[in-house]
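The values are calculated or read from the model by the stated rules, or taken from the named source; none is laboratory data. None of the values given here were measured: they were computed from a predicted structure. Virtual Cβ from ideal backbone geometry, glycine too; neighbours counted across all protein chains shown.
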């Protein structure tokens, strides 16, 4: 595209602060009336489950769904506490402490939702289900039970879509399941799985069970959460000798700085950072109330956090959601569930025109040209949405770059520019 088509934008808005966005937690509608223990995205909606019996002020027995604007019930719900959710073969699966679905119909600790109705499956289990995960096209089910569909499975079972069967038979209860590097990871209170000695964490490659390196956790450690981050497996729980969060790279264990100050119940990745939720009030030695994030080298607080435990974290519609026992988040009312909002901060007009960069057209229907007027190549162009999420990144080192954002929704976006000669600025563009 010819540079003569470009119009110079005079008086670009410049952020003089180093930080483009400030983060704060906001309510999700009017929230729920009790603990949110598990969340999952299914059919374009966020499902939240736990101890709740209302959501958005309406009856929702232990599970509800959020479409980004309103809460609705999930049919007549479930008959008791929900501990885990997972999507498998186009259906939403729930595990917990319930024994009924749909107002009295039996479903022993397991149920599935097809988008319109609940159903029991596989005969259920004989005790509480704590964790669900999909591995090798099968749904793995962990908890504190002896039988599944009348078969002795000892705390861990798998479902292939038609039948429940045994897997590993840990010698005590299971608290967490995760998948990393084509292996299934299991956390719990056991010392033996599949005939292998494994102290509270084990791995399965589809054929053989084994321990996970040399675990040095002391006391009575328990794993409650797994997450994939930067091509490694992050593990959270209550293992104080490793500051409650550790990292497995497939060969060895490493820490996350000085870790966090108490139990971690949930981990997830969001915007290239690892988020942890739990009972802690410090992370990396600084104040972080119940939720913190790791950027690859250090921990930081996420706003002012919550007033009580965070049990679950999930990403929905490019936003981070937290569920738990809290009733305030970032100092405002947010009952048992909140979402993270990122907004531009410290926006100040420049006192001088910056004619080093051109953007045309602005506003546009989604296509823009960024140009350096002195022909110096761009080092990076980053574009953010209002949630602070990077939606575009270019590092091709050209002096003129065509940017296509046609797939983005209409509204305001922000950009950050750096050139190879050291120039930098920030500004805003509008898709209309």
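Can you tell me which residue among 417, 381, 391 is buried (at least 17 other Cβ atoms within 10 Å of the Cβ) and free of Cβ contacts under 8 Å to residues at least 60 places away in the same chain? When all the criteria are applied, what remains is 381.
Which count do you get for residues in region 111-138 that are in a strand (DSSP E or B) and closer than 20 Å to residue 81 by Cβ?
Keep residues of region 111-138 that are in a strand (DSSP E or B), which gives 111-113, 118-119, 125, 128-135, 138.
Narrowing the set further to residues that are closer than 20 Å to residue 81 by Cβ leaves 111-113, 118-119, 125, 128-133.
Of the residues in region 111-138, 12 are in a strand (DSSP E or B) and closer than 20 Å to residue 81 by Cβ.
Considering 300, 312, 234, the condition of being in a strand (DSSP E or B), modelled with pLDDT of 95 or more and surrounded by fewer than 17 Cβ atoms within 10 Å (Cβ to Cβ) is satisfied by 300 alone.
The sole residue among 150, 122, 142, 104 that is at pLDDT below 95 and buried (at least 19 other Cβ atoms within 10 Å of the Cβ) is 122. In contact with a strand residue (DSSP E or B) (Cβ under 8 Å, 6 or more places away or on another chain), at pLDDT 95 or above and assigned by TED's automatic domain parsing to the domain that holds residue 177: is that true of residue 60 in this structure? For residue 60, the condition - in contact with a strand residue (DSSP E or B) (Cβ under 8 Å, 6 or more places away or on another chain), at pLDDT 95 or above and assigned by TED's automatic domain parsing to the domain that holds residue 177 - is met.
Between 199, 190, 256, the distinction of being assigned by TED's automatic domain parsing to the domain that holds residue 154, under 21 Å from residue 276 (Cα atoms) and free of Cβ contacts under 8 Å to residues at least 60 places away in the same chain belongs to 256 only.
Each residue in region 331-352 was checked for being surrounded by 18 or more Cβ atoms within 10 Å (Cβ to Cβ) and modelled with pLDDT of 95 or more, and 6 pass.
Could you list, in sequence order, the residues of region 385-400 that are part of a loop (DSSP other than H, G, I, E, B) and either under 25 Å from residue 373 (Cβ atoms) or outside the structural domain of residue 370 (by TED's automatic domain parsing) (or both)?
Going residue by residue through region 385-400, those that are part of a loop (DSSP other than H, G, I, E, B) are 385-389, 395-399.
Selection gives 395, 396, 397, 398, 399.
Of all the listed residues (178, 194, 168), the sole one being under 25 Å from the mean Cα position of the chain (by Cα) and at pLDDT 95 or above is 178.
On the stretch given as region 46-74, residues that are without any contact (Cβ under 8 Å) to a residue 60 or more places away in the chain, on the phi > 0 side of the Ramachandran plot and buried (at least 16 other Cβ atoms within 10 Å of the Cβ) total 2. The single condition among (1) within 16 Å of residue 223 (Cα to Cα); (2) crowded, with 23+ Cβ neighbours inside 10 Å that residue 167 does not meet is (1). For the residues 204, 180, the requirement of being in the same structural domain as residue 156 (by TED's automatic domain parsing), over 22 Å from residue 271 (Cα atoms) and buried (at least 17 other Cβ atoms within 10 Å of the Cβ) singles out 204.
Of the residues 307, 228, 249, 295, the single one that is modelled with pLDDT of 95 or more and farther than 21 Å from residue 38 by Cβ is 249. Please work out if residue 289 is in a loop (DSSP other than H, G, I, E, B), more than 27 Å from residue 214 (Cβ to Cβ) and either in contact with a strand residue (DSSP E or B) (Cβ under 7 Å, 6 or more places away or on another chain) or without any contact (Cβ under 8 Å) to a residue 40 or more places away in the chain (or both). Yes: the conditions hold for residue 289.
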